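The values are calculated or read from the model by the stated rules, or taken from the named source; none is laboratory data. The structure displayed is predicted, hence computed values, not measured ones. Using ideal geometry, Cβ is built from the backbone for each residue, glycine included, and neighbour counts are taken over all protein chains shown.
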């Protein structure tokens with residue numbers, strides 16, 4: 001019960017580590033988490049830029065209902081604030097839990113998910129450029 005309370009109050013878990021060789025020392029873990037959080041902020045900025053670009057050219061089908069509400073009412077500053085707030089809140093939680101042995105794995109998982117999203121945006125932008133070049137070629 002105490003472990004659940006510590007997790008809910010954003011305190012690191014204090015448990016005996018059965019495999020110390022698998023976990024980096026606290027200072028190395030802190031540096032890795034800080035680096036991953038910076039990378040996560042960059043990936044979120046790329047996602048926001050691509051979302052705004054896709055919305056402005058009219059080719060966006062937003063799957064996040066909150067973001068869709070902002071965009072359908074042309075509240076781009078609200079969307080930017082929302083994305084910034086979510087990034088700061090998530091990063092703060094992970095930073096506060098940086099001494100937990102699961103924090104590093106959680107950071108890697110979130111960064112991997114955002115990298116996959118960035119890859120999808122890259123593939124989408126290639127399609128947009130191809131379509132634009134095709135329209136220019138055929139004079140459409």
- Return yes when residue 80 is closer than 29 Å to residue 32 by Cβ, out of contact with any helix residue (DSSP H, G or I) (no Cβ under 6 Å at 6 or more places or on another chain), free of Cβ contacts under 8 Å to residues at least 24 places away in the same chain and assigned to a helix (DSSP H, G or I) and no when it is not. no
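A quick yes/no check of all residues on (1) at pLDDT 95 or above; (2) surrounded by 13 or more Cβ atoms within 10 Å (Cβ to Cβ); (3) not in a helix (DSSP H, G or I):
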| site | (1), (2), (3) |
| --- | --- |
| 38 | yes, no, no |
| 70 | yes, yes, no |
| 100 | no, yes, yes |
| 104 | no, yes, no |
| 122 | yes, no, no |
| 126 | no, no, no |
| 135 | no, no, no |
- Item | Residues satisfying the stated conditions in segment 83-98, i.e. over 18 Å from residue 42 (Cβ atoms) and assigned to a helix (DSSP H, G or I) | 93, 96
